[in-house]
Amino acid sequence: MDSPSGLMTAGEATSRLCVNRRTLYAYVSRGLIRSVPHPNNPRLCLYVRADVEERVRQKALTRGPAAAAAAALNFGLPIMRTRISSVSGHRLLYRGHDAVALAEGRSLEEVARVLWEVDHDPFAEVRFLPWRENSWARIAKLVEATAPIDRALILLPLLAITSVTFGEMPPVETAVRVLLAIANAAAGRALEPGMALHRALASAWGTPVAGDIIRRALVLAAEHELDPSTFAVRVVASTGAALPTALLAGLAALGGPRLGGQRPPWRAIYGDWLRGAEAGVLDQGSSTRPCAPPGFGHPLYPDGDPRAAALLKHLDMTSTTRRLVTAIEAKTGLRPNILGALWMIERRFKLPKGAALALFAIGRSVGWIAHALEQRDSDAVIRPRAAPIKAQLDQGDAE
């Protein structure tokens, strides 16, 4: 029997905890895991997923530092300290400020000042258009048909061989130039210098009506603690590499298919879901449909990604998309995450192919820069230890 979003059946909970039902009931009696009556069967209970996951994390701590560190690498315990952002309950905080609240009226540039901790407006001092730099325009023309992340990976290194000498600039000025370079590359268009990025993107894509939702999307994509792309940035930054080089690591990680890169067409992802939604026939019981489609669900938000909810609240979805979201939630218990919301924005406003990931990369660049600067100030090199697999050791001994 399926369990609603944010809740687990007894079988699911005991499996996740690796305990028997007697132990599960003991956790409930001690107030460590909350339970609620099953909506369809009063003889059964459901268990709060967040409480179960917290018990899993606590158990990892008791297994010793090695086991705890290994568990931490997969949505586990914190593995490094940062003041930049945190996820607390259902809230995402940027240096203590609620990200959803910031998205109500702030621009990406204003949020950058918060995340970078600068008390002046660095964007007012920089008028930078990379298309004027050396071979940028010529190479950009050659790669204009590639994905946004690939364009950025190809074009950003060009700045290292131009008149732009990053090492001689103040760090914040370098940060602004790198951000603008990634924005121009990912957008695939020349963005108007001096114009707020959300307006420049909406104008370059020929959709000025999308300006406000683009602004909200950029702000909500700006930072999310130690996601894989951000961790990659910090590892490279810890070696003393230049800021553009560190951000190339983030772009490379983000371009992987597990993080959203190389997304197939909308119909290739959702297939029969879309056909059913368009026909007004949604067979939610079909076992051939995916249990966790891309763009839905997030391990840190069992009750739904607040960033996606904040975006979709302001998006006039088509009836097909609305039915699609409803059907997937009914079937899987999963709600859209921020990437799913960005794909819906791209679809609704008919933005260029790949615009969703472009928005994510541009916004997240602000967070990457904050982490690179924080890591640089720590003077510590990130160098985890390896835990050899026993079978490999045995093989090595035999040889």
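The values are calculated or read from the model by the stated rules, or taken from the named source; none is laboratory data. Only a predicted model underlies this, so the values are computations on that prediction, with no experimental measurement involved. Don't worry about glycine lacking a Cβ; one is built from the backbone with ideal geometry, like all the others, and counts go over all protein chains shown.
Based on this model, can you work out whether P170 counts as at pLDDT below 95, surrounded by fewer than 19 Cβ atoms within 10 Å (Cβ to Cβ) and touching a Leu at 6+ places or on another chain (Cβ under 9 Å)? No: the conditions fail for P170.
Of the residues in segment 58-65, not one is surrounded by 11 or more Cβ atoms within 10 Å (Cβ to Cβ), in contact with a strand residue (DSSP E or B) (Cβ under 9 Å, 6 or more places away or on another chain), at pLDDT 75 or above and not in a strand (DSSP E or B).
Considering segment 27-57, the residues that are in a helix (DSSP H, G or I) and at pLDDT below 80 include one that is farthest from P384 (Cα to Cα), namely S29.
Conditions (1) surrounded by fewer than 19 Cβ atoms within 10 Å (Cβ to Cβ); (2) free of Cβ contacts under 8 Å to residues at least 60 places away in the same chain, marked per residue:
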residue	(1), (2)
A183	no, no
A187	no, no
A200	no, yes
A204	yes, yes
T207	yes, no
V219	no, no
S229	no, no
A232	no, yes
A237	no, no
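Of all residues in segment 119-161, those satisfying the criterion of being in a helix (DSSP H, G or I) and over 24 Å from S229 (Cβ atoms) are A124, E125, W131, R132, A137, R138, K141, L142, I161.
Consider segment 343-385 and keep the residues that are basic (K, R) and under 24 Å from L93 (Cβ atoms). The one that is nearest to the chain's Cα centre (by Cα) is R364. Pairing residues of segment 359-383 that are basic (K, R) with residues that are surrounded by 24 or more Cβ atoms within 10 Å (Cβ to Cβ) and assigned to a helix (DSSP H, G or I), at Cβ distances under 8 Å and at least 6 apart in sequence or on separate chains, gives R364/A221; R364/S229; R364/T230; R364/G250; R364/L254; R376/A237.
V19: buried (at least 18 other Cβ atoms within 10 Å of the Cβ) and modelled with pLDDT of 80 or more, yes or no? The answer is no for V19. The one condition from (1) modelled with pLDDT of 90 or more; (2) farther than 24 Å from L373 by Cβ that W131 does not meet is (1). Within segment 350-364, is even one residue farther than 25 Å from L248 by Cβ, out of contact with any Leu (no Cβ under 9 Å at 6 or more places or on another chain) and at pLDDT 90 or above? Yes.
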